[in-house]
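J.: Below are the structure tokens for one structure; questions will follow.
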Amino acid sequence: TTNAHDQAEAAKLKARLQEGTSSSSSSSTTPSHRVPSVSIDDGAHKYVLISANVPGSSVVQHFVVSRRGAAYHRNAATPMIERLEASGYNNIDIKGGGRIFLDENA
């Protein structure tokens, strides 16, 4: 269950992303590498679906990311958002999330 603190932190993250979207147009930063579209940790974890514009382009790329030990969806989203921002992606938006199970030995 999401508590009041996590809801407040998620709202801050959402506001920060909204601020970044309105204040940045096409980024001139060229990443040294593209960020992989899928990053799922082995086991059952929270995941998020994120969209972002590829640096220097209006092309939208989608990302699915889960993180071992993420208590809340924002805990899975934050490291990927930071990675996308550092790589020059913009118009970052968290589309949704849920729980996902990956068994690499299956």
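The values are calculated or read from the model by the stated rules, or taken from the named source; none is laboratory data. Not measured: the values here are computed from a predicted model. We place every Cβ from the backbone using ideal geometry, glycine too, and count neighbours over all the protein chains shown. Just the protein is used for accessible areas: all its heavy atoms, side chains included, with ligands, DNA and RNA removed. Shrake-Rupley method; radii C 1.70, N 1.55, O 1.52, S 1.80 Å.
J.: When region 83-103 is examined, which residues are found to be within 11 Å of residue 45 (Cα to Cα) and either open to solvent by 60 Å² or more (accessible area, probe 1.4 Å) or part of a loop (DSSP other than H, G, I, E, B) (or both)? Don't jump to the end; show me each part of the working.
T.: Initial filter on region 83-103 (within 11 Å of residue 45 (Cα to Cα)): 97-102.
Passing the criteria: 99, 101.
J.: I'm trying to understand the selection: among the residues of region 43-54, which are buried (at least 20 other Cβ atoms within 10 Å of the Cβ) and not β-branched (Val, Ile, Thr)? Outline the logic, then answer.
T.: Initially, region 43-54 is screened for residues buried (at least 20 other Cβ atoms within 10 Å of the Cβ), giving 46-48, 50, 52-53.
46, 47, 52, 53 - these are the residues of region 43-54 that are buried (at least 20 other Cβ atoms within 10 Å of the Cβ) and not β-branched (Val, Ile, Thr).
J.: Could you look through region 38-56, keep only residues that are out of contact with any Leu (no Cβ under 9 Å at 6 or more places or on another chain) and part of a strand (DSSP E or B), and pick out the one that is farthest from residue 89 (Cα to Cα)?
T.: The first filter runs over region 38-56 and keeps only residues out of contact with any Leu (no Cβ under 9 Å at 6 or more places or on another chain), leaving 38-39, 46-49, 51, 53-56.
Then keep just the ones that are part of a strand (DSSP E or B); that gives 38-39, 46-49, 51, 53.
Values: 38: 16, 39: 17, 46: 23, 47: 20, 48: 17, 49: 15, 51: 10, 53: 6 Å.
Per the stated criteria, the residue is 46.
J.: Between residues in region 57-82 that are without any contact (Cβ under 8 Å) to a residue 60 or more places away in the chain and part of a loop (DSSP other than H, G, I, E, B) and residues that are of a type in the set (A, V, I, L, M) and buried (at least 17 other Cβ atoms within 10 Å of the Cβ), which pairs lie under 6 Å by C-beta distance while being six or more apart or on different chains?
T.: Pairs found: 67/76; 70/76.
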